[in-house]
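Undergrad: Mind having a look at this structure? Questions to follow.
What follows is calculated from the coordinates using simple rules that are stated; it is not laboratory data. The model shown is predicted, which means the values in this text are computed figures rather than measured ones. Methodologically, a virtual Cβ is constructed for each residue, glycine included, from the backbone with ideal geometry; neighbour enumeration extends over all protein chains shown.
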Amino acid sequence: MKVTEHIKKAEGKTLFSFEILPPKKGENLQSIFSRIDPLVEFNPPFIDVTYHREEYEYRELPNGLLQKVVTRRRPGTVGICAAIQHKYKVDAVPHLICGGFDKEETENTLIDLNFLGIDNVLVLRGDAIKNEGAFCPEPNGHQYAAELLEQVANLNKGQYLHEEFPDGATDYCIGVAGYPEKHFESPNLSTDLYYLKKKVSAGADYIVTQLFYDNQKYFDFVKRCRETGITIPIIPGIKPISIKKHLTLLPNIFHMDLPQPLVLEIEKCKDNKQVYDLGIEWTTHQCKELMAFGVPVLHFYSMGRPENIRKIAQELF
Ligand code: FAD
């Protein structure tokens, strides 16, 4: 079932969902199930599975020279989605990225997902390869998420890359990313919203936001989106702080601000146990306010650590 249908069916009640990362290469499926199991009792109608592009590694050869190796450290998104749908009877939402894929590979992945009975995709550009400065599309790949989205929307009309198959039309519900504090490459929020609106006009069905810790940023973002004519659901992305290092790590990776009252409280913590508890308290409060605002879904970035999210969900659902 589509994410938008789950939202409609909930009739205004806030739903619980979360995102997982595929396991590192070499880990087994059970390691993923053990991260999902603690959260299943909160009835997630859908679970997102991230996609990870290739990375470069330098491996030392016996002769001491370094060999450049291209590898995916977290492959398996498609297989994990199938396993989730099979085991939990919950809709899996694979992330699809431009980075590292040409259009042909994307089409084949979309065909696989369709055959597996997957109804949703979250369409993203992806970031630059680690240790490369700027995002660079594959030859015959996509530069922006909007272009990838167009490919999915075309497939929904039966328009494949080289031919038309009306009977082979897919019916994907398409999600896209939005940034309450703007995307880090964008010169300002207005420009970012201009491109977000383009994704919506090209057929996006819902938006999931980058994580944030100041609800006012989300409320303002929703207001700006509505003013520009974006009417689709805007799902807030949530991640509890759990270690002191997050003070610098999160802004560095996700390009968002931490509100000063939270920073001051974290700085007062004597150890990571206190930070962990504070993160639960802050996020629970944040979620209660978002629920009162009427958000359709609280979407948690679990990053493979379900325990604090479980404690928060117990308070809310
Ligand atoms: P785009 O929508 O393509 O936007 C990228 C930038 O280009 C923005 O600054 C935008 O304003 C600008 N822009 C867009 N169109 C144009 C245009 N035509 N001309 C000029 N500028 C333009 N990454 C992964 O690798 N795997 C994942 O699974 C993953 N999951 C994510 C889930 C969520 C909810 C979010 C918020 C992010 C996720 N990311 C993931 C990270 C994401 O790939 C990065 O944030 C990436 O840098 C941007 O992706 P996007 O889809 O927002 O890109």
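Undergrad: Residue-wise, which Karplus ³J(HN,Hα) couplings in Hz belong to the range 59-65, taking 6.51 cos²θ - 1.76 cosθ + 1.60, θ = phi - 60°, and x for glycine or proline?
TA: Calculated HN-Hα couplings, in order: 10, 7, 8, x, 7, x, 6 Hz.
Undergrad: In a shell of Cβ-Cβ distance under 11 Å around residue 272, excluding residue 272 itself, what net charge do Lys and Arg (+1) and Asp and Glu (-1) give?
TA: Combined, the nearby Lys, Arg, Asp and Glu give +2.
Undergrad: So which of 24/311; 182/244; 130/157; 9/199; 87/130 end up more than 31 Å apart, counting from Cα to Cα?
TA: 130/157; 87/130
Undergrad: Using helices alone, what [θ] at 222 nm do you get for the chain, with -39,500 (n - 2.57) per DSSP H run of 4 or more residues, divided over all residues and rounded to the nearest 500?
TA: My calculation for the chain gives -12500 deg cm²/dmol from helical runs alone.
Undergrad: Another question about this same structure. Using the Cβ atoms and a cut-off under 14 Å, what net charge is assigned to the surroundings of residue 281, where Lys and Arg are +1 and Asp and Glu are -1?
TA: Taking every Cβ under 14 Å from that of residue 281, the sum is 0.
Undergrad: Aspartates and glutamates near residue 8 by alpha-carbon distance under 18 Å, same-chain residues fewer than 8 away left out - which ones?
TA: List returned: 91, 119, 171, 205.
Undergrad: Separate question: Among the aspartates and glutamates, select those whose C-alpha is under 17 Å from the C-alpha of residue 217, and discard any that sit fewer than 8 residues away in the same chain.
TA: 181, 192, 227, 257, 289
Undergrad: Here's another thing I want to ask about it. Express as a percent, rounded to the nearest 5, the fraction of DSSP beta bridges in the range 3-316 (both residues included) that run antiparallel.
TA: Roughly 20 percent of the DSSP beta bridges within the range 3-316 come out antiparallel.
Undergrad: Okay, moving on. Report the charge-dipole magnitude of the range 201-240 in Debye, nearest 20, computed about the Cα centre from +1 at each Lys and Arg Cβ and -1 at each Asp and Glu Cβ.
TA: 60 debye
Undergrad: Note the direction-averaged projected area, equal to a quarter of the hull surface, for the Cα convex hull of the chain, in nm².
TA: Quarter of the Cα hull surface area: 18.2 nm².
Undergrad: Just how far, in whole angstrom, is the range 80-100 from the range 200-235 if you go by their alpha carbon centroids?
TA: Each part's Cα centre sits 23 Å from the other's.
Undergrad: A further question follows. With θ set to phi - 60° and the Karplus curve 6.51 cos²θ - 1.76 cosθ + 1.60, what are the ³J(HN,Hα) couplings of the range 132-144 in order, to the nearest whole Hz, using x for Gly and Pro?
TA: Listing the rounded values in order: 10, x, 10, 5, 10, x, 5, x, 6, x, 10, 8, 10 Hz.
Undergrad: Also: Among 156, 193, 108, which residue has its Cα positioned farthest towards the positive end of the charge dipole of the range 3-316, with +1 placed on the Cβ of Lys and Arg, -1 on the Cβ of Asp and Glu, and the dipole taken about the Cα centre?
TA: 193
Undergrad: Now, a different point. Over the chain, what is the relative contact order in whole percent, taking alpha-carbon pairs under 8 Å and six or more residues apart?
TA: Relative contact order here is 19 percent.
Undergrad: Moving to a separate point now. Using a simple spin-label model with points 7 Å from Cα along the Cα→Cβ vector, what separation in nm is obtained for residue 69 and residue 260?
TA: 4.9 nm
Undergrad: Convert each backbone phi in the range 220-237 into a coupling constant with the Karplus relation 6.51 cos²θ - 1.76 cosθ + 1.60 (shift: θ = phi - 60°), then list the ³J(HN,Hα) values in order as whole Hz, x for Gly and Pro.
TA: 5, 4, 4, 4, 4, 4, 5, 5, 8, x, 7, 10, 6, x, 10, 8, x, x
Undergrad: Another one. In 5 Å bins starting at 0, how do the alpha-carbon pair distances of the range 132-212 split up by percent?
TA: Per 5 Å bin, starting at zero, the Cα-Cα P(r) for the range 132-212 comes out as 3, 14, 20, 20, 20, 12, 7, 4, 1 percent.
Undergrad: Something else about it: If all Cα-Cα distances of the range 175-317 are sorted into 5 Å bins from 0 onward, what percent lands in each bin, rounded to whole numbers?
TA: Once binned at 5 Å, the Cα pair distances of the range 175-317 give 2, 9, 19, 22, 20, 14, 9, 4, 1, 0.
Undergrad: Express the relative contact order of the range 196-255 as a whole percentage, based on alpha carbon pairs under 8 Å and six or more residues apart in sequence.
TA: Relative contact order of the range 196-255: 44 percent.
Undergrad: Can you tell me the relative contact order of the range 31-108? Whole percent, Cα pairs under 8 Å, sequence separation 6 or more.
TA: 33 percent
Undergrad: If the cut-off is 16 Å between C-alpha atoms, which aspartates and glutamates fall inside it for residue 268, apart from same-chain ones fewer than 8 positions away?
TA: Reachable aspartates and glutamates: 277, 281.
Undergrad: With charges only on Cβ, +1 for K and R and -1 for D and E, what is the dipole size of the chain about its Cα centre, in debye, rounded to 20?
TA: Roughly 820 debye, rounded to the nearest 20.
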